Amino acid sequence: MQNVMDTLRARGFLKQTVYEEELYELLGKESVPFYIGFDPTADSLHVGHFMQLVIMKYMQDAGHKPIVLIGGGTAMVGDPSGRTDMRAMMSKETIAHHVECFKKQMGRFIRFEGENAAIVVNNADWLLDLNYVDFLRDIGVHFSVNKMLTAECFKTRMERGLSFLEFNYMLMQAYDFLVLHRRYGCSLELGGDDQWSNILAGADLIRRKEHKPAYAMTTALLTTSEGKKMGKTQKGAVWLDENKTSPYEFYQYWRNTADADVENCFRLLTFVPLEEIETLCAHRDERINAAKEKLAFELTKMVHGEEKAKKAQEEARGAFGGDEGTMPEVCLSEEVLTVTQALVFCKLAKSNGEARRLIEQGGVSINGEKATDSNAPLPAGDFTLFKGKKVRLHVVRA
């Protein structure tokens, strides 16, 4: 069987490792318990987490045991990595609710039963009852403040002021790794490359205290070819929860991927073979649209299931020039009487002012006829509402 590091490297995941040759040999000969941490800062995972779920599946399929660490304790502090401001603190009750939501979503991607079944742990179980003086004597003594201040994760916060609360985050994450090593034999932590300093601190702590091997491995961040993080829209994050981002919106987000980013998304987010990806992305003309459709379908199927992925694809094709019968449908309330109100109600405009501007600029049509009067009454019965040349909705009366 191919070593999982070869697979991750070939698909472009790997960024930094320590003791790489040693880790490669270990992954090739035995099942390795590994962990990835998730801070429960919302009640749903989002696209930013998606890549870590894919990596966990690759690792599990290769025979290794995933440990999903929910940061119920560290979320009480907040990770300063990549931040210019301090994260808002959450209550224990809010965090507990988010933990339960995460568990349900993760079950779609990795196995929690059978051989090398994944487990979910919450670091609140050991962090919230720590004796602070004992923690400093046992763990803090192994950390150099001078060295910590050079870590990339603290640099952006140093300019605005780094609180002592946040400064403790690295120690807490390192302690997580130590606890998981002692309880489950965990010897590898994985995470995004922005977590390198924190992950390395944990591996170093285990080697100092336990005198046993421990490894750190970071992966590429999901960014565009211009270096911008993916997973954001004008409405905010692209969530895996269909109540926050509908399957249609999720599909359409990936269908609109820039030509230059399609191949990278295939490699990092899907399980499509590399040879097929190369064929799909061989052209940068109109033929790339077929690759975008497949990308959107594959990702929507993974998150929402095949039935909803097919429905989203049919709706998208209808909205962008296909059969009107597959067009997304919106049911108007009785209070919606004008074109302006309809645009806002159907979420094609954020406000009445924006709706009026769209109409004035000739960007709105009803049943194929341009709307010119923002206060014009809507036609009787069902109708098709157009925004620009691409977006179409089938509108029906309540």
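The values are calculated or read from the model by the stated rules, or taken from the named source; none is laboratory data. All figures in this text were calculated on a predicted structure; none of them were measured in a lab. Please note: Cβ atoms are built from the backbone with ideal geometry, for glycine as well, and neighbour counts cover all protein chains shown.
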*Given the conditions (1) touching a residue at least 40 places away in the same chain (Cβ under 8 Å); (2) more than 27 Å from L45 (Cβ to Cβ), and given that K311 satisfies all but one, which numbered condition is not satisfied?*
(2)
*Tell me which residues, restricted to the range 127-148, are surrounded by 13 or more Cβ atoms within 10 Å (Cβ to Cβ) and either over 25 Å from I55 (Cβ atoms) or in the same structural domain as F271 (by TED's automatic domain parsing) (or both).*
L130, F135, L136, D138, I139, G140, H142, F143, M148
*For the range 272-293, what are the residues that are in contact (Cβ under 8 Å) with a residue 24 or more places away in the chain and farther than 17 Å from T224 by Cα?*
V272, L274, E293
*Wholly within the range 213-326, which helices (runs of 4 or more DSSP H) include no fewer than the required count, namely at least 3 residues that are outside the structural domain of E22 (by TED's automatic domain parsing) and at pLDDT below 90?*
247-255, 306-319
_Tell me the residue from M56, M106 that is surrounded by 21 or more Cβ atoms within 10 Å (Cβ to Cβ), modelled with pLDDT of 95 or more and touching a helix residue (DSSP H, G or I) at 6+ places or on another chain (Cβ under 9 Å), please._
M56
*Look through the range 66-101, keep the residues that are modelled with pLDDT of 85 or more and buried (at least 20 other Cβ atoms within 10 Å of the Cβ), and return whichever of them is nearest to S163 (Cα to Cα).*
G71
*Could you figure out which of (1) under 24 Å from S31 (Cβ atoms); (2) outside any loop (DSSP other than H, G, I, E, B) isn't true of N198?*
(1)
